[in-house]
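The values are calculated or read from the model by the stated rules, or taken from the named source; none is laboratory data. Here the structure is a predicted model, which means the values were calculated and not measured. Cβ atoms come from the backbone with ideal geometry, glycine included; neighbour counts cover every protein chain shown.
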Ligand code: PHE
């Protein structure tokens with residue numbers, strides 16, 4: 001017994017005196033390890049007489065438990081000390097500026113398009129889409145362009161080389177071909193699921209999308225964006241067209257003070273046709289909407305030509321409609337005060353950082369404009 005007490009006292013001193021975790025581990029191996037001193041004592045139990053074992057067994061086991069507990073306690077002391085040391089060593093200076101992160105933004109054209117879609121969605125319009133690569137039929141013929149119309153010529157339209165069948169595809173010069181896709185009876189199997197299929201009147205759609213023309217200056221780019229509108233129903237007249245556009249414009253520019261003017265114009269696919277101007281002020285080098293005595297053309301519109309309705313299988317004696325098409329980029333320029341249309345597509349990140357919008361503010365058909 002006294003031997004055991006002595007051993008325990010010795011081990012206890014050793015453990016307390018261990019200067020580091022490695023020494024402590026060596027003590028553990030030398031006592032509780034396979035060939036350790038305490039393990040050896042445990043092995044002697046087997047050869048003892050039952051009477052002796054009855055006394056020695058609990059004493060040796062108690063010694064083992066005590067040594068194990070002391071080792072563990074000392075080990076966690078070392079671990080705590082190591083953690084303290086690390087905390088003192090590894091400091092984080094929270095006052096340092098964090099590294100710059102590049103922030104994306106919504107392009108003004110997309111923001112403007114989202115705003116337009118939201119406003120028309122509030123007015124009950126559905127969104128329809130069509131392909132950027134069109135054929136002559138949808139872009140021109142069905143829209144009542146005469147065979148020799150100048151817009152078909154190379155100086156306006158980007159044509160592809162003719163295919164094996166001799167057909168010359170083109171980049172659509174406006175979103176109006178989607179009118180044809182949306183109206184045409186029998187157009188039930190569009191080439192892709194997102195392309196508008198022909199529907200029965202009444203039709204009330206808007207068509208946001210990219211358009212292409214061979215043109216480049218401060219107010220023209222070879223690629224630009226339009227939103228087309230089309231309404232087909234019984235008894236539709238110019239009054240509906242005027243109300244729709246005037247309501248849209250005052251909502252878009254967020255003021256009731258916008259003056260509009262309809263000027264007679266010509267489009268092959270509408271009769272009568274008009275261009276709509278908004279009243280503006282050009283003094284001081286910038287264009288301001290809602291004041292002034294100047295006018296700025298912003299869209300083309302008119303009553304859908306009976307020939308177009310006929311080309312789409314709709315009886316013009318039963319149904320009438322109106323259509324309009326407006327330049328998204330140009331309206332965005334006006335609303336947000338950008339001087340040159342070409343900047344919109346220059347991919348200058350400084351420009352985008354300045355004029356871009358937060359993705360958290362993007363309007364959508366559900367949330368509406370605000
Ligand atoms: N498609 C015409 C253009 O691009 C705009 C327009 C659309 C005019 C619908 C009338 C009706 O200039």
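Summary of computed values
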item: Residue match in the range 253-275 (condition: in a strand (DSSP E or B), within 14 Å of the ligand (Cβ to nearest atom), out of contact with any helix residue (DSSP H, G or I) (no Cβ under 6 Å at 6 or more places or on another chain) and in contact (Cβ under 8 Å) with a residue 60 or more places away in the chain); result: no
item: Selection within the range 27-51 - closer than 19 Å to residue 78 by Cα and loosely packed, with under 14 Cβ neighbours inside 10 Å; result: 29
item: Any hit, the range 158-179, residues being touching a helix residue (DSSP H, G or I) at 6+ places or on another chain (Cβ under 7 Å), part of a loop (DSSP other than H, G, I, E, B), within 13 Å of the ligand (Cβ to nearest atom) and farther than 19 Å from residue 306 by Cα; result: yes
item: Residue list for the range 290-318, restricted to those being more than 10 Å from the ligand (Cβ to nearest atom) and farther than 18 Å from residue 201 by Cα; result: 290, 291, 292, 293, 294, 295, 296, 297, 298
item: Selection status of residue 280, more than 16 Å from the ligand (Cβ to nearest atom) and within 30 Å of residue 236 (Cβ to Cβ); result: yes
item: Test: residue in the range 170-189 that is under 26 Å from residue 327 (Cβ atoms) and free of Cβ contacts under 8 Å to residues at least 24 places away in the same chain; result: no
item: Residue within the range 336-353 that is surrounded by 20 or more Cβ atoms within 10 Å (Cβ to Cβ), modelled with pLDDT of 90 or more and part of a helix (DSSP H, G or I) present; result: no
item: Search result, residues across the range 285-313 that are at pLDDT below 90 and part of a loop (DSSP other than H, G, I, E, B); result: 286, 287, 290, 291, 292, 293
item: Lone qualifier among 151, 142 - being in a helix (DSSP H, G or I), modelled with pLDDT under 90 and under 49 Å from the mean Cα position of the chain (by Cα); result: 151
item: Hits in the range 82-126 (condition: assigned to a loop (DSSP other than H, G, I, E, B) and either surrounded by 10 or more Cβ atoms within 10 Å (Cβ to Cβ) or in contact with a helix residue (DSSP H, G or I) (Cβ under 9 Å, 6 or more places away or on another chain) (or both)); result: 102, 103, 104, 105, 107, 123, 125
item: Any hit, the range 273-280, residues being surrounded by fewer than 21 Cβ atoms within 10 Å (Cβ to Cβ) and modelled with pLDDT of 95 or more; result: yes
item: Output for the range 147-159, where each listed residue is more than 27 Å from residue 205 (Cβ to Cβ) and either out of contact with any strand residue (DSSP E or B) (no Cβ under 6 Å at 6 or more places or on another chain) or in contact (Cβ under 8 Å) with a residue 60 or more places away in the chain (or both); result: 147, 148, 150, 153, 154, 155
item: Residues being over 32 Å from the mean Cα position of the chain (by Cα) and over 30 Å from residue 203 (Cα atoms) - total across the range 268-289; result: 7
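Quick grid of which residues meet (1) in contact with a strand residue (DSSP E or B) (Cβ under 7 Å, 6 or more places away or on another chain); (2) within 14 Å of the ligand (Cβ to nearest atom):
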{"site": "192", "(1), (2)": "no, no"}
{"site": "198", "(1), (2)": "no, no"}
{"site": "209", "(1), (2)": "yes, yes"}
{"site": "217", "(1), (2)": "no, no"}
{"site": "225", "(1), (2)": "yes, yes"}
{"site": "230", "(1), (2)": "yes, yes"}
{"site": "234", "(1), (2)": "no, no"}
{"site": "241", "(1), (2)": "yes, yes"}
{"site": "249", "(1), (2)": "yes, no"}
